[in-house]
Number of protein chains: 2
Amino acid sequence: MGEWRGERQARDARIAAGRAHAGGKVVPAGAVVDLLEAILRPGDRVCLEGDNQKQADCLARGLSACDPGKIHDLHMVQSGIVLPEHLDVFETGIAKRLDYSYSGPQGARIAKMLYGGQIALGAVHTYLELFARYFVDLTPNVALIAGVSADRDGNLYTGPNTEDTPTVVEATAFKNGVVVAQVNEIVDTVPRVDIPGDRIDFVVEADKPFYVEPLFTRDPAAMTETQILIAMMAIKGIYAEYGIKRLNHGIGFGTAAIELLLPTYGEKLGLKGQIATHWALNPHPTLIPAIESGWVKQVHCFGSEVGMDRYIRERPDIFFTGADGSLRSNRAFCQTAGLYACDMFIGATLQIDLMGHSSTITQSRVAGFGGAPNMGSDPHGRRHPSDAWMKAGREGQIVGDPALMRGRKLVVQLVETFGDKLVPTFVEKLDALELARKIGLELAPVMIYADDVTHIVTEEGIANLLLCRDADEREQAIRGVAGYTEVGRGRDRAKVEDLRARGVIRRPEDLGIEPLDADRALLAAKSIKDLVHWSGGLYEPPARFRNW
Amino acid sequence: MGEWRGERQARDARIAAGRAHAGGKVVPAGAVVDLLEAILRPGDRVCLEGDNQKQADCLARGLSACDPGKIHDLHMVQSGIVLPEHLDVFETGIAKRLDYSYSGPQGARIAKMLYGGQIALGAVHTYLELFARYFVDLTPNVALIAGVSADRDGNLYTGPNTEDTPTVVEATAFKNGVVVAQVNEIVDTVPRVDIPGDRIDFVVEADKPFYVEPLFTRDPAAMTETQILIAMMAIKGIYAEYGIKRLNHGIGFGTAAIELLLPTYGEKLGLKGQIATHWALNPHPTLIPAIESGWVKQVHCFGSEVGMDRYIRERPDIFFTGADGSLRSNRAFCQTAGLYACDMFIGATLQIDLMGHSSTITQSRVAGFGGAPNMGSDPHGRRHPSDAWMKAGREGQIVGDPALMRGRKLVVQLVETFGDKLVPTFVEKLDALELARKIGLELAPVMIYADDVTHIVTEEGIANLLLCRDADEREQAIRGVAGYTEVGRGRDRAKVEDLRARGVIRRPEDLGIEPLDADRALLAAKSIKDLVHWSGGLYEPPARFRNW
């Protein structure tokens, strides 16, 4: 019955070919190209681990140095397009097709290559969706992953940035794939086993430690009073109003400001213990003051954050940590937590249209979505009630049998009416639609669709879209908080005033907030140095954030 | 900073207390009660592994034998309420609160205990939702799990029924919880490491092998011609029509009939390779003929199925297997695959109302939902197109900008108009609503909400709800396939004929299907024995399914 073992036999042959360049499972850094040329086949689906933070950079360099005559037309299936090498392979023909989730730093280059037809794009996924496809129709033939250390049997220690690794390895190793791990060092015994050695075929001792990007560090010194005003409105008008305990925050300055206002403004409002207790969140340094003030009960993390390791180690009651003491993150489970166990997703976006559709993709930058489409969607499969969720459901249900009432995920967009360089956030039409037309995408790259968004908060006020009865009210509610943008100026003043009278739109004064009180003095920490101080010296910010 | 290590210290104290009854990590079966009384505390959140299939039954017996004076008011957070002991603990006061997903065999008893107030019910979740909460607000203090074997360091081999174990252990072990594994035997070296030993605190050598329920075995001998007719309509009117390649099947006879018609009726229609290639599915014995006929490319499994082990071992190109050769299942990833990477969910239900809401919960049985709410929902976070998904999206989009067109998950209910004992499937009002009222549930236990259902297939025809323009059309479309039930007889004949003319309702003759052709001769296997034959003797059905 050899016909049923073709994949398995091919895997065994690849491993045997790779073993020629290894001592047992161990491969010296200098032999990476030889190893990859031995185990890869043209047309393979390959996951070159590029997470939101951790990068298998040694293996990325190795892959880009392979001979395109031997290794070509690969189908890359990976979360992040982050390093230059991730795109170099498409220029040389080593890779051809791409399915991914996030491309922050390479957003401009990827847009150019898409226009130029150098990349055959499958789709821009949300993380959990890409992980799902790893088990169905995008199962990798080869996974190239990264960890902190491994023993000679391949037992892998990822350190705090576990991130996507267990998911990628599970899909690959159990479906006849080959797994290669780069590690910073080979050790006799790993501090903890994040991936058992029998799932790892090769271990490469990298020439230097893997690269990690500090993506979630926001310097309080850069926070503006407008952001503080918006944060105050969100806390009083949404967090307190709905009693949000379980939540996810985006990565922008707006939500970082909320984190820094909890121990000050939130405390004054008597909200401690009432809101923001359980989190699906990376270890944001700006959450330190709230943690130290006793606001936070528990945080599960997608990944880690540079400089937070010692702090996390000393706070095991708050974070998920291993027997070794360091963080255990897990992107797949944290995205699942964000989808099904959080009552609110709140984050920023670049563009919002008249219906509330939003996108971070512009014509010159294809940044990808990361987790936003997943966590910023109303999960129809949810079957457990919470006060926050049921209240949102009641507000949103216009017709129908009350006995069939269900709740709604709160999906909040926190934006200033004008973004960087005074580009308006509110637009008649998303740039994403024009991009889709130009490169022939079947599906426009919308980050969050209008029917999932429940609130938009700007410096002008909160628009509660749940309370809108029709498309026209919805448009006026959005125009009504769009400030001096063209969209905002196009409002029907009478209708907007009517919406305000009904509480669909709430201005700062309707919430009892005096805009002049939105002062940097309210921030629990006004600088990175303050965060270090709050942490008792445990937080060790990367050099670029140190100016003292 | 001891205040930040309270949980961690409490964990260490529990483990130290447990060690008194162990040799290293190993605990004899006779000491289970002592161990549990040593490591548990009143009010603990406990996951007593009760999966869809695998049961930590030795530990369940041990828990139910604990002294309620010492161990009481536990909050049980587990997928399945399957064994009598799972409910016994609520009668003795050992447990008090319950959050769960599925209670098939205990559905009647749990209903009684809910009415009687003996259980404080949190919610009836879908699996992935309960897993999500393990990382946010239902993190277990203690996990009591089951595996096939372990070594003395705790490295655990789950065998093919990996199921929920990695998820439960990850949430517990990394958040200061204690993990106890029962195993069938202690070995020197496990065949593969499903869970690394550093996440397992105690290993109990069970008095007998853990219990597994063969939940997914449907005997072809029991399939009726009505089921075959419905299956033919589904294949021709839905699978072929939309070109469904990636899918999940429910566990009923209806979908089992489809599996058995693929190599016969499907082959005749020329559909091989065009439909049903990639699956999120347990290893259904009725899928064997389709696999052997080359229809199936890949199957990822939630769990395993009794008797399928040898067959799976010999088909590593189809199934996910470990280096040891046996299946690696994983409920969390397979549910994620079903949510985000499948274009269709098709399954049965007990009751459907006039709008299309459905439930398997009746006033006398609270069976739970398992994976249906998750996989039978339209995931708004999905961002990758497929032909099937886009076609459904186009059909469903009545208004809106075509540039913002997105797809739709196909969610198909496959039912006979009258179920067991001639109870009508179609009802004016779901029993679930009455149950919710009686026991004071905030959220009615609906399995799939109407707005997620796209098609209903009965012996009378297919109702395509995507094409319905308003609630009235929807009601008539449902009545129009509800046969001789009261709901069916209440149809407006003119409106139903109009819907048929528009293709919203399709009768067998509209699909070119002659009901008289729906013959058992079409089944690729007509008995369990036929399935064994198809498998080349590799499938080993449990005794209860052998009558030869």
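The values are calculated or read from the model by the stated rules, or taken from the named source; none is laboratory data. Just so you know, these numbers come straight off a predicted model, no measurement behind them. Virtual Cβ from ideal backbone geometry, glycine too; neighbours counted across all protein chains shown.
Values computed for the structure shown
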{"quantity": "Filter pass, residue B:354 being more than 9 Å from chain A (Cβ to nearest Cβ) and surrounded by fewer than 24 Cβ atoms within 10 Å (Cβ to Cβ)", "calculated": "yes"}
{"quantity": "Options B:198, B:188; residue that is surrounded by fewer than 22 Cβ atoms within 10 Å (Cβ to Cβ), of a type outside the set (Ser, Thr, Tyr) and within 14 Å of chain A (Cβ to nearest Cβ)", "calculated": "B:198"}
{"quantity": "Test for residue A:159: is it on the phi > 0 side of the Ramachandran plot, crowded, with 24+ Cβ neighbours inside 10 Å and within 14 Å of chain B (Cβ to nearest Cβ)", "calculated": "yes"}
{"quantity": "Helices (runs of 4 or more DSSP H) lying entirely in segment B:1-116 (those with 2 or more residues that are among the acidic types (Asp, Glu) and over 23 Å from residue B:447 (Cα atoms))", "calculated": "B:6-19, B:32-39, B:84-92"}
{"quantity": "Residue, farthest from residue B:431 (Cα to Cα), within segment A:395-449, restricted to residues that are in a loop (DSSP other than H, G, I, E, B) and acidic (Asp, Glu)", "calculated": "A:416"}
{"quantity": "Filtered residues of segment A:209-228 (kept if at pLDDT below 95 and either more than 27 Å from residue A:457 (Cβ to Cβ) or of a type in the set (Asp, Glu) (or both))", "calculated": "A:211, A:212, A:213"}
{"quantity": "Which numbered condition residue B:123 misses (of (1) under 17 Å from residue B:81 (Cα atoms); (2) in a helix (DSSP H, G or I); (3) of a type in the set (A, V, I, L, M, F, W, C))", "calculated": "(2)"}
{"quantity": "Every residue from segment A:382-408 that is under 25 Å from residue A:258 (Cβ atoms), charged (D, E, K, R) and in contact with a helix residue (DSSP H, G or I) (Cβ under 7 Å, 6 or more places away or on another chain)", "calculated": "A:382, A:391, A:395, A:408"}
{"quantity": "Qualifying positions in segment A:431-462 - crowded, with 19+ Cβ neighbours inside 10 Å, away from chain B (no Cβ under 13 Å) and not polar (S, T, N, Q)", "calculated": "A:455, A:456, A:457, A:459, A:460, A:461, A:462"}
{"quantity": "Residue list for segment A:265-279, filter: part of a loop (DSSP other than H, G, I, E, B) and closer than 20 Å to residue B:139 by Cβ", "calculated": "A:273, A:276, A:277"}
{"quantity": "Subset of segment B:218-246 [under 30 Å from residue B:146 (Cβ atoms) and either buried (at least 22 other Cβ atoms within 10 Å of the Cβ) or of a type in the set (Lys, Arg) (or both)]", "calculated": "B:218"}
{"quantity": "Cβ pairs under 7 Å, 6+ apart, first in segment B:391-405 and facing chain A (nearest Cβ under 8 Å), second of a type in the set (Gly, Ala, Ser)", "calculated": "B:403/A:444; B:404/A:444; B:405/B:393"}
{"quantity": "Pick from segment A:493-548, criterion outside any helix (DSSP H, G or I) and within 23 Å of residue A:478 (Cβ to Cβ), ranking: farthest from the chain's Cα centre (by Cα)", "calculated": "A:502"}
{"quantity": "Count of segment A:1-13 residues which are more than 14 Å from chain B (Cβ to nearest Cβ) and either under 11 Å from residue A:203 (Cβ atoms) or in contact with an Asp or Glu (Cβ under 9 Å, 6 or more places away or on another chain) (or both)", "calculated": "0"}
{"quantity": "Some residue of segment B:12-31 being in contact with a Gly (Cβ under 8 Å, 6 or more places away or on another chain), buried (at least 23 other Cβ atoms within 10 Å of the Cβ) and within 30 Å of residue A:313 (Cα to Cα)", "calculated": "no"}
{"quantity": "Pairs where the first residue, in segment B:117-136, is at the interface with another protein chain (Cβ under 7 Å from one of its Cβ atoms) and the second is assigned to a strand (DSSP E or B) and at pLDDT below 95, C-beta under 7 Å, 6+ apart", "calculated": "B:124/B:368"}
{"quantity": "Flag for residue A:29 being out of contact with any Pro (no Cβ under 9 Å at 6 or more places or on another chain), in contact (Cβ under 8 Å) with a residue 12 or more places away in the chain, among the aliphatic types (A, V, I, L, M) and over 30 Å from residue B:538 (Cα atoms)", "calculated": "yes"}
{"quantity": "Residue within segment A:261-278 that is within 14 Å of chain B (Cβ to nearest Cβ), crowded, with 21+ Cβ neighbours inside 10 Å, over 21 Å from the mean Cα position of the chain (by Cα) and not polar (S, T, N, Q) present", "calculated": "yes"}
